[in-house]
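The values are calculated or read from the model by the stated rules, or taken from the named source; none is laboratory data. Everything numeric in this text was worked out from a predicted model, so none of it was measured. Neighbour counts run over all protein chains shown; Cβ positions are idealised from the backbone, glycine included.
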Amino acid sequence: MSFLILANLVMLLLGSALPGLTQSLMLVPLFIPLRPWTVVTYMFLHAGFTHFFFNMLALYFFGPRLEARLGGRRFIGLYLTSGIAGAVLSLVTPYVAIVGASGAVFGVMLGYAHYWPRDTVYVFFLPMEARWLVVLMTAMALFGAWQGQGGIAHFAHLGGFAGGYLYLRWMELRSPAVQFRAAAAPPAKSSTADLDRWRRVRPETLHPINREEYERVMAKVDLAGASSLTPDERAFLDRFSAG
């Protein structure tokens, strides 16, 4: 993660010293076929120090724990995939010039909320669970896009969330552990009653360790379906939903 912050800082300094560099590396969606590299380079440029500071602050806050969970290679993959998805969705506004790491950072934010949805974060000193922060930011981006508010790349933000979601889903499905378990064990069938019973568990009544495991397993159900659960994971859910 420190490499990403350093790369963004270097590009901020170079862009300040060489304005022509920014012009050649920024994203203008209409010109992607002529300048395909801009779907990556735009996310390392910023429109000033304040823009850079808040993006890197969010990356510094959400990145380290997520990088430790995913590993460096997959964390970089999530960052780049989210940023590229933000560039692709920005085709909705083909003539708008776009710079900034926001799309990539939004993907990192989604990844954090995926694994630790009930963690409390502070937004302008107001406490909020990570999952609700993602909901709030999505709603703001949708509203801004609908209103046509200028100066903010709303579609890049939405694309960052979409790219982050798709990358996490792909990562879950391609996980060697998931593939091995699927090959080694016959798929267990889960009835609608099982799913309803598991979802009736009240996480707030569980010990923090069990609550985190419950949220991880249920997130896996949402991403890959109940058939992806291991026997131990099913037994865990059955234990806390019994009766």
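Could you tell me whether the stretch 218-235 includes any residue that is in contact with a Pro (Cβ under 8 Å, 6 or more places away or on another chain) and at pLDDT 85 or above? Within the stretch 218-235, one or more residues are in contact with a Pro (Cβ under 8 Å, 6 or more places away or on another chain) and at pLDDT 85 or above. Looking across the stretch 143-193 at every residue that is in contact with a Lys or Arg (Cβ under 8 Å, 6 or more places away or on another chain) and hydrophobic (A, V, I, L, M, F, W, C), the one that is modelled with the highest pLDDT is identified as Met171.
Out of Phe31, Phe49, Phe44, one residue alone is in the same structural domain as Gly150 (by TED's automatic domain parsing) and surrounded by 15 or more Cβ atoms within 10 Å (Cβ to Cβ). It is Phe44.
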